[in-house]
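Notes follow once the structure below has been shown.
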Amino acid sequence: MHALVFVPTALAAALAMDLWAAFLHGRVWHRSLWFVHASHHEARRGRFEANDVLSVTHAPFAIAFILYGCLAEPTVMREVVFGTGLGMTLFGLAYLIVHDGLVHHRLPVRILLRSRYLRTVVRAHLVHHTGLSGGPPYGFFLGPLELRRAERSLAQKSDDARGTTHSRSTSRGQRRVPNGQR
């Protein structure tokens, strides 16, 4: 195996999985698959919820990619496929630990809350759960970025509704205030 190929591929695949999961979450699970995903937004009865099925849908692909990477003739394509399967698996494992463990307390991993970033991920996901519309952020590990972007957009809309603009520094370092207000 050539780590120079499969390691960067695995990292890229893990990042791509968060983007793909955000797309699926917002465009598929909260729409056409709501009848399954709704169980995740309700109080859980028992150890499992119907939504758990959605979490394992990519596992057969990841397993197949890893097996191909282990059994195929040595080529760059084999390394890329192996790295993709590895990245998908790493994302799935991280998602399981952080989402099911930290956010929804289904695993004993509270020690991970020492990480400021993971606390932010948890907060962003809880915003998704407490929102009346079940709206953004749909991403998970990139959820804090999505939340920040949504907050900025909301602030801009609020400013636009009030007829103000975001203040910018002038050449003298003073703040410009719209409409001559001080």
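Readers should treat all values here as calculations from the given coordinates under stated rules, not as data from a laboratory. Treat the numbers as computed from the prediction; the structure is a model and nothing was measured. Note that we place each Cβ from the backbone using ideal geometry, even for glycine, and neighbour counts take in every protein chain shown.
Under a point spin-label approximation (7 Å from Cα along Cα-to-Cβ), what is the Leu15-Val36 distance to one decimal in nm?
For Leu15 paired with Val36, the spin-label model returns 2.9 nm.
Can you tally the net charge around Phe48? Count Lys and Arg as +1, Asp and Glu as -1, for every other residue whose Cβ sits under 11 Å from the Cβ of Phe48.
Numbers: positive: Arg44, Arg45, Arg47, Arg106; negative: Glu49, Asp52, Asp100.
Local net charge: +1.
Report the net charge of residues surrounding Pro108, where surrounding means a beta-carbon distance below 15 angstrom and charges are Lys +1, Arg +1, Asp -1, Glu -1.
On the way: positive: Arg47, Arg106, Arg110, Arg114; negative: Asp100.
Local net charge: +3.
Based on other C-beta atoms within 10 Å, arrange Met88, Met77 from fewest to most. Intermediate values should be presented prior to the final figure.
Values: Met88 23, Met77 13.
By the 10 Å Cβ count, ascending: Met77, Met88.
Just to confirm a number: summing +1 for Lys and Arg and -1 for Asp and Glu over residues other than Cys70 whose beta-carbon lies under 15 angstrom from that of Cys70, what do you get?
Details: positive: Arg78; negative: Glu73, Glu79.
Around Cys70, the surrounding residues sum to -1.
Subtracting the Cα-Cα distance from 0.36 nm times the residue separation, let me have the gained length for Arg44 to Tyr68 in nm, one decimal.
Separation in residues times 0.36 nm, less the Cα-Cα distance, equals 4.9 nm.
Need the full-extension length gain, Val7 to Val76, defined as separation in residues times 0.36 nm minus the C-alpha distance. One decimal, nm.
Details: separation 69, 0.36 × 69 = 24.84 nm, distance 1.24 nm.
In short, 23.6 nm is gained.
With +1 on the Cβ of every Lys and Arg and -1 on the Cβ of every Asp and Glu, and nothing else charged, how large is the dipole of the stretch 1-147 about its Cα centre, in debye rounded to the nearest 20? It would help to have the intermediate numbers written out before the result.
Values: 12 positive and 8 negative charges, 113 e Å.
Computed charge dipole of the stretch 1-147: roughly 540 debye.
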